[in-house]
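Here is the structure we will look at.
The values are calculated or read from the model by the stated rules, or taken from the named source; none is laboratory data. Fair warning: this is a prediction, and the values are worked out from it, not measured in the lab. Please note: Cβ atoms are built from the backbone with ideal geometry, for glycine as well, and neighbour counts cover all protein chains shown. Ligands, DNA and RNA are stripped out before the accessible areas are found, and what is left, the full protein with its side chains, is counted by its heavy atoms. Shrake-Rupley method; radii C 1.70, N 1.55, O 1.52, S 1.80 Å.
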Number of protein chains: 2
Amino acid sequence: MALEDAFDDFTRRDWAETTVDGTVRLAIVGIGGFARNRALPGIAAGEYCETTVLVTGSPDRARTIAEEFDVNHVIDYDAFRAGDHAETYDAVYVATPNATHGEYAIAAAEHGKHVLCEKPLETTVERAEEIVDTCRDNGVALMTAYRLQTEPVVRRTRELVQNGAIGTVVQVHGAFSHPLLEHTGPETWRLDPDLAGGGALVDLGVYPLNTTRYLLGCEPTAVYATTHSSGGPFAAVDEHVAFQLEFSTDATASCTASFDAHASSQLELVGTNGKIAIASPFGGVVPQDIVVESGEMRMEYTGPPVDEVREEFDYFGYCVLTDTDPEPDGADGVADLHAIEAAYESAETGRRIDLE
Amino acid sequence: MALEDAFDDFTRRDWAETTVDGTVRLAIVGIGGFARNRALPGIAAGEYCETTVLVTGSPDRARTIAEEFDVNHVIDYDAFRAGDHAETYDAVYVATPNATHGEYAIAAAEHGKHVLCEKPLETTVERAEEIVDTCRDNGVALMTAYRLQTEPVVRRTRELVQNGAIGTVVQVHGAFSHPLLEHTGPETWRLDPDLAGGGALVDLGVYPLNTTRYLLGCEPTAVYATTHSSGGPFAAVDEHVAFQLEFSTDATASCTASFDAHASSQLELVGTNGKIAIASPFGGVVPQDIVVESGEMRMEYTGPPVDEVREEFDYFGYCVLTDTDPEPDGADGVADLHAIEAAYESAETGRRIDLE
């Protein structure tokens, strides 16, 4: 493949192989900042989904947002579990704290609804597998909300890697940091290990973890991790994490994540015949600078800003409407939780932990 | 410090605090590719050193290069050990295979000559410490040839870090890869563990290792490493290495090096209030692109290409002429060997190894 081809029609939706009619009606479960600021606008801007129900612990406070996005029903969690207004939605988007993903995803599956569930899929492998099993048993689709897998710069990078543009990938570096307390109070559930399942690793580290697995198309065989916390609001979780993955191809990925550092993200892959560096791969709706070196060739490209949340919901909607298995499925979410559990075991023991 | 100040007079030699007369006369011990192509021209272009003796196993083959650089004497290793022409040089530059650094550095010290010794200082901590002890006992200067410490982009970065421009450093990523066999045959001593002391880690990984220690101004407390080799010419050494350092400040450095990958180098520091990324920090005489983010400020700067080999020899000459202790001294070289030995032990055992 010529490098130029990768950048031609950069934002193409290569996953949309057919035209489809209709939309998937969504109940959004958990109306936190991300749901309000990114998901609802992204769904509204997209083609294949529409929001028909909001599920929240404080229905009264959600009326304004329901009006803004023309959503007919606002219900609480008990009503959701009881199946209220179930006839008005086809699928759910679960955006509650991680430890409650299972509860709502499983309730939805038992109502016969398809599930798009935020990452990490749950707080343990065991609970995540319950989601997978229940969705399978009820014949509904399950997608883990790895929106990066629908981001054009990541999809184009995967094509380049799979087409051998940089040879065999040898080493990956991935980093994602974010000053959490500038955006949320210290009481956030993200700093409560019971609700979050961990700290920077599960909230931010999962981005380079999942994206590297996706780009390499293979699984890690071992993981090593170091965690640090300065105490205070971060006392109960990993404020900073550095983890190293080994892959079956002998590639390694050196990844870091931090809850308490300058906002930054970076992904770089070095192969036997080239490299690809993406600036701000995990950073939201920003121009995507990508540098590709392939043998003697070097190309720089700045992709247009793309709302990967819109892409994600359209991809999910397309999958449901066409009965296509989503690529970031439940097993994808479970695989990351295997790596995360092993990483915490490694940080605890100071040993490389093998993944099976 | 305002960011602009860091980029003002970027290539200034902040180490040159006084004017000095004269030059240091050098014997170059080991006339390999680096000595011929980088050291001899760098010394000739600089101010404070001149080459007066070449020491080589094949004096006849070095006559042409001696003529080209106006060097009066070419002697073999036996003659060097015997002290031939010792009155014509003040210091030596040792650029032989790593396992012979000690032999020639110690001989030079015993002749009363100052020593600039290539990195790694030797192949083991024990042998490196012999060099340090002998130089101390003979009252001669010892500098480990970490030329990056004289490279303006690295010195300006250290100033920024020390002045708090990015807050407390939390995470470092460093990478250096190079397709060795495109530049040398498979018979190179760099692939012989007895002569080199290791593979990609000692030859390339030492760059991000030493540079990170230099920039942070503190020592690693633990190391973890993974090595891989595909066999063939790389069978006896680490063809690829990924290592993670923990520092006393709780910062981590995630570093990689490879003998068999696309030529690439990268260094990135993320702190609590900013980040610094240097493109191609270890890549020779190339423009030095540096991006600094400090709070809401962002600056990009491309430093002019600087021959850091010339800088290194001028720094060494200046130190000798002014009786200044070189900053990259013998202890600096020993510290890296401690980390390297621990990294290999970690790769062997799959455990984090504490450094004392």
*Using only C-alpha positions, report the orientation-averaged shadow area of the convex hull of the range A:217-348, nm², one decimal.*
10.6 nm²
*asked:* Need one number: the % of Cα-Cα pairs in the range A:2-66 sitting beyond the 20 Å mark.
replied: 46 percent
_Give the separation of the Cα centroids, the range A:245-307 to the range B:3-61, in Å._
37 Å
*At a probe radius of 1.4 Å, figure out the B/A buried accessible area, summed over both chains, and give it in Å² to the nearest 100.*
3300 Å²
_Cα-based Rg of chain A normalised by 2.2 N^0.38 Å, two decimals_ = 0.97
*Using only Cα atoms, figure out Rg for the range A:15-147 and give it as a multiple of 2.2 N^0.38 Å.*
0.99
*Label points 7 Å out from Cα along the Cβ direction at residue B:162 and residue A:159: separation in nm?*
4.9 nm
*Quick one: with label points 7 Å out along Cα→Cβ, list the inter-copy distances for residue B:168 in nm, shortest first?*
4.2
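If DNA, RNA and ligands are ignored and the probe is 1.4 Å, what is the ranking of A:248, B:229, A:264 by accessible area, most exposed first?
Numbers: A:248 75, B:229 45, A:264 15 Å².
Final ranking, largest accessible area leading: A:248, B:229, A:264.
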_Using the Karplus curve 6.51 cos²θ - 1.76 cosθ + 1.60 with θ = phi - 60°, what ³J(HN,Hα) values do you get for each residue of the range A:315-328, in whole Hz, with x for Gly and Pro?_
5, 4, x, 4, 4, 5, 5, 9, 6, 9, 5, x, 5, x
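Compute the FRET efficiency between residue B:12 and residue B:88 as 1/(1 + (r/R0)^6), taking r as their Cβ-Cβ distance and R0 = 41 Å, and round to the nearest 0.05. Write out the running numbers ahead of the final one.
Details: r = 33 Å, r/R0 = 0.81.
For R0 = 41 Å, the calculated efficiency reads 0.80.
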*In nm, what does the list of distances from residue A:136 to its counterparts in the other copies look like, shortest first, when each label sits 7 Å along Cα to Cβ?*
6.5
*Exam field: residue A:68 pseudo-label spacings to other copies (7 Å along Cα-Cβ), nanometres*: 7.0
*Take the Cα coordinates of the protein assembly as shown, assign each an equal point scatterer, and use the Debye formula without solvent to give log10 I(q)/I(0) at q = 0.07, 0.11 Å⁻¹.*
-0.52, -1.10
_Axis-proximal residue, chain A, for the rotation superposing A on B (Cβ, Å)_ = A:254, 2
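With a cut-off of at most 12 other beta carbons within 10 Å, and DSSP calling the residue loop, which GluC sites (Glu not before Pro) in the range B:14-119 qualify? Please list them. Don't skip to the answer; put the middle values down first.
Numbers: sites: B:17, B:47, B:50, B:67, B:68, B:87, B:103, B:110, B:118; in loops: B:17, B:47, B:118.
Here the GluC sites (Glu not before Pro) that fit, given the DSSP loop and packing criteria, are B:17.
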*Dipole magnitude (debye, nearest 20) for the protein assembly as shown, charges at Cβ of Lys, Arg, Asp, Glu*: 500 debye
*Can you tell which of A:328, A:105, A:82 lies farthest toward the positive end of the dipole of chain A, using +1 and -1 charges on the Cβ of basic and acidic side chains (Lys, Arg; Asp, Glu)?*
A:328
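Rounded to the nearest 500, what is chain A's calculated 222 nm mean residue ellipticity when only DSSP H runs of at least 4 contribute -39500 (n - 2.57) each, over all residues? Kindly include the intermediate steps, with their values, before the conclusion.
Values: 11 runs with 107 residues, N = 356.
Mean residue ellipticity, 222 nm, calculated: -8500 deg cm²/dmol.
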*Please compute the Cα-Cα pair-distance distribution of the range A:134-235 with 10 Å bins starting at 0, giving whole percents from short to long.*
11, 34, 31, 20, 4
_In nm, spacing of pseudo-spin labels at residue A:184 and residue B:345 (7 Å Cα→C-beta vector)_ = 4.0 nm
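Shielding by partners for A:235-246, please: the mean number of other protein chain Cβ atoms within 10 Å of each residue's Cβ. Each step should come with its number before you reach the end.
Numbers: counts 0, 0, 0, 0, 2, 6, 2, 12, 3, 8, 2, 3.
Taking all residues of A:235-246 together, the mean is 3.
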